Amino acid sequence: MIELSERRYFGTDGVRDVANRGAMTPEMAMRLGMAYVRFLKDNGVSSPRVVVGRDTRISGQMLELALSAGVASMGASVISLGVMPTPGVSFALTQGMGDGGAVVSASHNPAEYNGIKFFGTDGRKLPDEQEAAIESYLEGDLEDRPVGVGMGSYREDVTLVEGYAKWLVSCSGEAKPLGRGVIDCANGAICRVASRVFDGWDVTFTGNAPDGNNINDGCGVMHMENLSRLVRERKARFGVAFDGDADRTLLCDSKGRVIDGDLMLWVLARWLRARGQLGSGVVATVMSNMVLDEKLRQEGIALFRCPVGDRYVLETMTREGAMLGGEQSGHVIVSPWVVTGDGLCTALLFLRACVEMGEDLDSLCDRFKPYPQRLINMRVRDKGEVLDSPLLRTAVSSAEEILGSLGRVFVRPSGTEPLVRILLEARDEALLESSSQVFMGVLDRFHVSAHR
């Protein structure tokens, strides 16, 4: 199966590029802010209030100020939360602080990247059609700007961190008895909040000294080997890691084994069902492992699949009446609590579920054994050329014929990087190896680098 991408600027998680280049210059950030306000006004918000947050990248303040200038120039008010996790901006909107929101962040990407993503007044990320509408404004005439009293304003409000942290503490229930832990903040937006949320816990922090250039650098969910090592060295019971903007989380047990989003969904689904809060079932993306289907089926819990991206997870949850959804990468939405991926909320609810169900963290990885997977990331110059290639389509057909009903193949463009991702999954390693070999010709043809 091959998934294609259509929009020009927006990917799976907003607009993203190397900061000060391409789609992420100050000029572009300003036009994005202007286009967003035009979109809000044309949809009935006469005097928009826009809540803005950012992560810890060195380019963050520059781009936030440019974005805010664009917003104010079109007659909207900016409320800057400063450094704030992406879900913190969503939380602010659910508390009625604004008519829309924006986050300046490149999430899990290295420090030289940055991005901008938008939210609606309900705290949800905008759907594809609304992002497409913003693109249409972006490419149009934005010169009709108000003057005098019609111009917007800018103010800072960094007090929300306390309310957000207090709400997160309420999610944890009785999770503290799990014992000693290690918290990896990825040198990102979660640092201030995490220190408040875990106050009184027996935890050690790492990756909590951001300097503008060390976000996600050898730490956080992109480098789980760091957390695994520290958990073993410090004889901790568990570890929790976040990405740069803290909308996703991964954990590890006392042996340093990674607990990914699929495993968390399995545990949270059983916990929510026992509480009568699961709804119709669980939503997972096409990237989630087939063992999740198997484990949920054994519990009589329905699983619905959707494209990659927590926006699509939430859209499918709403359509199907499911109260839980997420991605293998650690974006999880537990809708009785949140309307977007929230790494801290997810981690706290997962630990709480384990305590309340009497789950042994160290047994989970033994009981939830994923089918072997291979993810080939093809770094390419032109994603469209590769995805439209007859050579790639023939390789996909050949792999599907080899795998039959014992596995699957899925190809998609990255929404945030110049990559085409090929996911292969099979019941055994031999089948996985034989199916992956058919893609070697594709790699040779396009002279691309690949890493797994």
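Summarising the strand pairing of the chain, around 55 percent of its internal DSSP beta bridges are antiparallel.
Per residue, the average separation of C-alpha pairs within less than 8 Å and at least 6 apart gives the range 5-86 a relative contact order of 32 percent. Backbone phi angles across the range 398-408, fed through the Karplus curve with coefficients 6.51, -1.76 and 1.60 (θ = phi - 60°), yield HN-Hα couplings of 5, 5, 5, 5, 5, 6, x, 8, 9, x, 7 Hz in residue order; Gly and Pro are listed as x. Note on the chain: helix-only mean residue ellipticity at 222 nm, from DSSP H runs of 4+ residues weighted -39500 (n - 2.57) and normalised by residue number, equals -11500 deg cm²/dmol. For the range 130-186, the set of GluC sites (Glu not before Pro) satisfying both a DSSP loop assignment and a count of at most 12 other C-beta atoms within 10 Å is given as GLU139, GLU143, GLU174. Rounded to the nearest 20, the Cβ-based charge dipole of the chain about its Cα centre (Lys and Arg +1, Asp and Glu -1) stands at 680 debye. Computed from the Kirkwood radius of its Cα pairs, the Stokes-Einstein diffusion coefficient for the range 154-295 at 20 °C and 1.002 mPa s stands at 130 µm²/s. By the gyration tensor of its Cα atoms, with a ≥ b ≥ c the square roots of the eigenvalues, what is the shape of the chain: rounded for a/c under 1.5, prolate for a/b over b/c, or oblate? Because a/c hits 1.5 or more and a/b fails to exceed b/c, the chain counts as oblate. For the range 323-386 versus the range 48-108, the spacing of their alpha-carbon centroids is 26 Å. Measuring max minus min along each principal axis, the C-alpha atoms of the range 317-427 give extents of 52, 30, 28 Å (largest first).
What part of the accessible area of the chain, given as a whole %, is carbon or sulfur when the probe is 1.4 angstrom? Summing carbon and sulfur atoms, their accessible area is 49 percent of the total for the chain. Remark: the range 367-377, residue by residue, has Karplus-estimated 3J(HN,Hα) of 8, 10, 9, x, 5, x, 10, 9, 10, 9, 9 Hz, where x stands for each Gly or Pro and the curve is 6.51 cos²θ - 1.76 cosθ + 1.60 at θ = phi - 60°. Rounded if a/c is under 1.5, else prolate if a/b beats b/c, else oblate: with a ≥ b ≥ c from the C-alpha gyration tensor eigenvalues square-rooted, which is the range 269-346? Judged from the Cα gyration tensor, the range 269-346 comes out rounded (a/c under 1.5).
Averaged per residue, the range 157-270 has 36 square angstrom of accessible surface, using a 1.4 angstrom probe with ligands and nucleic acids left out. Could you tell me which of rounded, prolate or oblate describes the range 1-146, using a ≥ b ≥ c as the square roots of the eigenvalues of the alpha-carbon gyration tensor, with rounded for a/c under 1.5 and, failing that, prolate when a/b is larger than b/c and oblate otherwise? In terms of gyration-tensor shape, rounded.
The magnitude of the dipole of the range 305-387, with charges of +1 and -1 set on the Cβ of Lys/Arg and Asp/Glu and taken from the Cα centre, is near 400 debye. Evaluating 6.51 cos²θ - 1.76 cosθ + 1.60 at θ = phi - 60° for every residue in the range 29-34, the Karplus couplings come out as 4, 5, 5, 4, x, 5 Hz, glycine and proline recorded as x.
The values are calculated or read from the model by the stated rules, or taken from the named source; none is laboratory data. Model, not experiment: these values are computed from the prediction. Quick reminder, even Gly has a Cβ in these numbers, built from the backbone with ideal geometry, and neighbours come from all protein chains shown. When the accessible area is computed, the model is the full protein with side chains, heavy atoms only, and any ligands, DNA or RNA have been set aside. Shrake-Rupley method; radii C 1.70, N 1.55, O 1.52, S 1.80 Å.
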